[in-house]
Amino acid sequence: MRPSILNPLFADITALPGVGPKLATLIGRAAGSRVVDLIFTAPISLVDRSYRPTLAEAENGRLATVKIVVDRHDPPPKGRKLPYKVICSDSTGWATLVFFHARADYLLKALPEGQVRIVSGKIEEYKGAKQMTHPDYILDPENEGAMPLYEPVYPLTAGLTANVMRRATAEALKRAPTLVEWLDSAHRRQEKWQSWNEALADLHAPAGANDLSLHSSARCRLAYDELLANQLALLLIRRARGKARGLAIKGDGAMRRKALLALPFKLTSAQKGALREVSEDMGSADRMVRLIQGDVGSGKTIVAFLAMLAAVEAGRQAALMAPTEILARQHLESLAPLAKAAGARLEILTGRDKRAARDDKLARLANGAIDILIGTHAIFQESIAFKALAFVVIDEQHRFGVHQRMSLTQKGPRPDLLVMTATPIPRTLALTAYGDMDVSQITEKPPGRKPVDTRAVPLDRLDDVVQGLRRTVAKGEQAYWVCPLVEESELVELTAAEDRFEHLKSEFGDRVGIVHGRMKADEKDAVMERFHNGEISVLIATTVIEVGVNAPNATIMIIEHAERFGLAQLHQLRGRVGRGDKPSSCILLYRPPLGETATARLKILRDTEDGFLIAEEDLRLRGAGDVLGAAQSGFPKFRIADVTAHGDLLAAARDDAKMMVEKDPNLSTDRGEALRTLLYLFSRDDAAKLLAAG
Ligand code: ADP
Ligand code: MG
């Protein structure tokens, strides 16, 4: 249970004075709907009233606070729509205060002639004279303190003003309870960090550009808190999972040797390295939870397969889960000959199996007549019982978050788990997303791959592209045509794809197919199947092809509106071609003019095919939140921390969390107790719940 001291922070923002349902919707859009969302939304700029020039010095266009004497009022003649003016001066010059739709009685009271006043607002020059239109503040010098010198400005949304947001945030801050320090005191001293409450106060009271920086002391302290909560949660989850001990799986190597002999190629040293790490994990009694990261085409499947054979050698069963039916079938196709050579019994189970066939397979799984099962997520249904499942491989699961990984292996026996992803992730990010796993990387591609000729082509040369496509199809080769990703609207995206379908159909007739996200899984699979066996030459798709279908005969990848895709996504898509021995190309169609960032992105893609390098650049250009483009990518979204700027803090938080989990795994010391609160503060209830009651 969340400690009750945090309850005020997890209340709905409508609990704040002045925030009704309408305003709550707007604030919800800009920051979030709970009080805690406001306190963790940092200001993005500030209003600075500390510039105190004389009238002569006051610079055009700058926000200034000036001390003046009111000389005289100059109201507009009756019936004229002119502004009301008040002329004032100091010892260096004069200026005009300008008011539209003014109420004379109010102005006479606020600015009595002959009196000294402090006014704050934007200085403008108009026809050679200085003026200030509608000062933000008009004060008697005795009340100067009533004017804040600095005011934070928060992210806004249409209909939400800076003042309203500022007031709501100030109210939210009042609800921040005083919390027991969770940072190590020596560490905090060394960093000269303020307490949590002080840091919050400072974050929301910037008094200059330095205070808005990602490197301000307050920002760093709070970012560290957030990263620490993230790392602690991941390590606790990992520990809870590891506690259920797996068995030590040690095969005699006989099947693996036979499979290797049947392979038409030699493993790369990167593949061997990954295989060694996986085998070591399997051979230990601790439960394995490992991720293999490797670019598209780097040869992850064979590594996973050899590891599965190790389990079979040890008298156990293994399962390989693919994200789609068609990928499961492709795995079956490519692995069946190797399984045969090795003497392992391979089977496939998907949602498409008819009743009788399914029952038969289930029976053979239960009595151990199947060694390796390939399938979709259907293989993890409750009704499926293995005789001795010891090893599970999940392919292409970059859409899986920690939660899914957790739930997947929480029920039933606890097999060793190997996750494979083709999305290379920058080191820093990998720690935040996959910190609950060990990671192996395959950084090298099999020899002999031809580079994909990558070009950026403006949309107005579409006809040339179609010409080229005609030549490709005439040669009996195939092409992918990926249609623009429209994040706001699936429908617009669909229309664009269908329009392109009609267009290309007029060129290529029946040899064009289309797949998109709105189709049912089996419809999609049917089209993919026809592409795979060559009935279709040009496959139009929204990004559903991203997840690794194999068509060695495909030599052209055309991506429409490439500027709208993330770099990593483009790289993934490009990885669909260049798998056979023919030269291949990737055409990035864009709508000119390209912005600076888009240009830089397309250039990186042309310059390299190294997915890890591309991922680092993607992170640099887009910022951490965006790297995979999609919210469902399983990546944590940080609100205070920025992993590009706070990489060192992340490393320190990792070490800190590791040390805590080793020393105080149940978080029951004083610091441990405080850290529990931290977990809840950052909504890591999932991890906190793994702890025994404190
Ligand atoms: P991915 O990592 O994208 O899943 P795959 O495992 O599908 O890649 O491998 C891509 C292709 O490369 C397959 O056709 C596979 O047979 C081949 N391959 C894998 N390893 C090697 C290797 N060491 N040498 C040559 N070809 C290889
Ligand atoms: Mg693969």
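The values are calculated or read from the model by the stated rules, or taken from the named source; none is laboratory data. For clarity, every value in this text was computed on a predicted model and none was experimentally measured. Cβ placement follows ideal geometry from the backbone for every residue including glycine, while neighbour counts extend to all protein chains displayed. For the accessible areas, the whole protein counts, side chains as well, though only heavy atoms, and no ligand, DNA or RNA atoms are used. Shrake-Rupley method; radii C 1.70, N 1.55, O 1.52, S 1.80 Å.
Couple of notes before you dig in:
- In this calculation the C-beta distance from Asn666 to Asp642 is compared with R0 = 22 Å, giving a FRET efficiency of 0.10.
- Packing around the peptides 364-371, 460-467, taken as the average count of other Cβ atoms within 10 Å per residue, puts them in this order, highest first: 364-371, 460-467.
- Axis angle, to the nearest 10 degrees, between helix 462-474 and the longest C-alpha principal axis of the chain: 10 degrees.
- Full-extension gain in nm, Glu181 to Asp360, via 0.36 nm per residue minus C-alpha separation: 58.5 nm
- Cross-link table Lys67/Lys122; Lys266/Lys450; Lys300/Lys387; Lys250/Lys663; Lys387/Lys524; Lys340/Lys520, entries beyond 25 Å C-alpha to C-alpha: Lys300/Lys387; Lys250/Lys663; Lys387/Lys524; Lys340/Lys520
- Stretchable slack from Arg345 to Lys67, in nm (0.36 nm times residue separation minus alpha-carbon distance): 91.2 nm
- Estimated inter-spin distance, Arg606 and Glu113, nm [label 7 Å along Cα→Cβ]: 7.1
- Over the range 1-104, accessible surface divided per residue gives 53 Å², non-protein components excluded, 1.4 Å probe.
- Most to least packed among 499-509, 609-619 [average Cβ atoms within 10 Å]: 609-619, 499-509
- At a probe radius of 1.4 angstrom, the accessible area of the range 254-442 per residue rounds to 37 square angstrom.
- Within the accessible surface of the chain, defined with a 1.4 Å probe on protein heavy atoms only, the carbon and sulfur portion equals 51 percent.
- Rg and Dmax, both from the Cα atoms of the chain and both in Å, are 31.7, 104.
- Assuming charge only on the beta carbon of Lys and Arg (+1) and of Asp and Glu (-1), the dipole of the chain about its Cα centre is about 1160 debye to the nearest 20.
- Placing unit charges on the Cβ atoms only, positive for Lys and Arg and negative for Asp and Glu, gives the range 254-442 a dipole magnitude near 360 debye about its Cα centre.
- Accessible area per residue for the range 453-608, computed on protein heavy atoms with a 1.4 Å probe, is 43 Å².
- Relative to the longest principal axis of the Cα atoms of the chain, helix 325-342 runs at roughly 40 degrees.
- √(5λ) per eigenvalue of the Cα gyration tensor, the range 50-147, largest first, Å: 20, 16, 12
- For q = 0.09, 0.20 Å⁻¹, Debye-computed log10 I/I(0) when each Cα of the range 254-442 counts as one equal scatterer: -0.29, -1.62
- Contour excess over end-to-end distance, with Cα ends at Lys250 and Phe265 and 0.36 nm allotted per residue: 2.9 nm
- Between His503 and Leu214, the modelled labels are 3.8 nm apart [label points 7 Å from Cα along Cα→Cβ].
- Eigen-decomposition of the gyration tensor built on the alpha-carbon atoms of the range 453-608 gives equivalent ellipsoid semi-axes of 22, 18, 15 angstrom, largest listed first.
- The C-alpha atoms of the chain define a longest principal axis, and helix 611-622 lies at about 20 degrees to it.
- Spin-label pair Thr54-Lys122: with each label point 7 Å from Cα along the Cα-Cβ axis, the two points sit 2.7 nm from one another.
- Residues Val457 and Asn533, FRET efficiency given R0 of 30 Å [Cβ-Cβ distance, rounded to 0.05]: 0.50
- With R₀ set to 60 Å, the beta-carbon distance separating Arg427 from Ala474 gives a calculated FRET efficiency near 0.85.
- Helix-only [θ]222 nm of the chain, DSSP H runs n ≥ 4, -39500 (n - 2.57) each, per residue, nearest 500: -12000 deg cm²/dmol
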